[in-house]
Each structure stands twice: as structure tokens, then as C-alpha cells.
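In what follows, a structure is listed as C-alpha cells, so that the remarks can point back to it.
The values are calculated or read from the model by the stated rules, or taken from the named source; none is laboratory data. Because the structure is a prediction, the values reported are computed rather than measured. All Cβ positions, glycine included, derive from the backbone under ideal geometry; neighbour counts span all protein chains shown.
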Amino acid sequence: MAAPHACAMAPRHVYSATIKNLSSSLVKTTVYYVSAQNSPHQVCVDVDAHTSEHYAEQKVDEKELDQTYTTTKRISKIEVTRQDGNTLKLEEPFEGVFGPVKDWQFHINDNQIKSVKN
């Protein structure tokens, strides 16, 4: 009897996203990216309260080994620091992401960061 075939699942990566602040206060948002080689990169922004948003753009890593190639970094974590000092974090795998996506949405409210399908 032959062994069943195993199918590899698509990576649940988010490459770019809109981060909306639906909370009642200004927040400092840090978006953490990681490449296939696990080289870290982070972007920090302040996002005003009440529906202000920040677009976390796609990042590319260029390497030169035997030849030049590029890899796309993925968003691995979003960390929000509120004015009162409390921190909210959301790490991959993100809820609702079942394959590689661009232009995903994350909503910040007073108690959590939510992964939201467009």
C-alpha cells in the first residue's frame, strides 16, 4: 500500500498591511519584519486615535551570494504601546491568513490588535 501524499501548506505570510487605530488614544506602533534568512527589521510610527491609519509597506531584502537575488520580508509581529504605557502584541500566524497576502488589515482597539481580512 502506497503512503498518502503530503501536501505542503502555503506560508501564512503577511507582506504589507494597513494598521488602523480605532482606539481612544494615540498609540506608538512597531511593525516587525523578518526575511527568509531571519534578518530582523522594524518600523516605528505614531498612529493618532480614532480611525487614523498607517500603511506598513512591503519590504525587500537584497542579498548577493553566487548571484544577486531578493526575498520579500514578512510582517512577523505588531506591537502597540498606548499612552498609559500598556503594550499590546500580535504575532504570526495571524488569524484569518491562510496563504501569502498583501494589503492585509490590522485594527487596534482599546484592548487588542485584531487581524482583519480586507
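SER23 meets the conditions (1) of a type in the set (Ser, Thr, Tyr); (2) under 17 Å from VAL116 (Cβ atoms); (3) assigned to a strand (DSSP E or B) in every case but one. The failed one is (3).
Scanning segment 79-97 for residues that are of a type in the set (A, V, I, L, M, F, W, C) and modelled with pLDDT under 95 turns up just one, VAL80. If you filter segment 17-49 down to residues that are buried (at least 18 other Cβ atoms within 10 Å of the Cβ) and out of contact with any His (no Cβ under 7 Å at 6 or more places or on another chain), you find that the one that is nearest to PHE98 (Cα to Cα) is ALA17.
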